[in-house]
């Protein structure tokens, strides 16, 4: 089940989060958080994580699509090949030589 949490609610669940996100989309299965995507006010998406046992099940894609219902335009700095592939798959435009992906309307 995908739900949106405030940073305070996320922290109260015992999970640290980097920066100061506006909200966090989480995927909860069997009462554990198996994936998360943080949305930052700038607008910026970062801190994407999916538990190892739940990867390759479209969890990150679905979390990002949920965030896109709140904010249709944003940028992100993917730090590895997996996240770059994810943003390409979601149709974001890669800005050459900057390793920045942009979601535009």
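The values are calculated or read from the model by the stated rules, or taken from the named source; none is laboratory data. The structure presented is a predicted model; accordingly, all values stated were derived computationally and were not measured. Here the Cβ positions follow ideal geometry from the backbone for every residue, glycine too, while neighbour counts run over all protein chains shown.
Give the residue that is modelled with the highest pLDDT, with candidates limited to residues of segment 37-90 that are under 23 Å from residue 14 (Cβ atoms) and part of a loop (DSSP other than H, G, I, E, B). Looking at the filtered set, the residue picked out is 51. Of the set (1) crowded, with 16+ Cβ neighbours inside 10 Å; (2) touching a residue at least 60 places away in the same chain (Cβ under 8 Å), all apply to residue 2 but (1).
Here is a yes/no grid of residues against (1) within 10 Å of the chain's Cα centre (by Cα); (2) within 18 Å of residue 103 (Cβ to Cβ); (3) surrounded by fewer than 15 Cβ atoms within 10 Å (Cβ to Cβ):
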| residue | (1), (2), (3) |
| --- | --- |
| 14 | no, no, yes |
| 26 | yes, no, no |
| 32 | no, no, yes |
| 37 | yes, yes, no |
| 81 | no, no, yes |
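Within segment 50-60, being within 16 Å of residue 78 (Cβ to Cβ) and exposed (fewer than 15 other Cβ atoms within 10 Å of the Cβ) holds for one residue alone: 55. Of all residues in segment 18-36, those satisfying the criterion of being at pLDDT below 90 and touching a helix residue (DSSP H, G or I) at 6+ places or on another chain (Cβ under 6 Å) are 21, 24.
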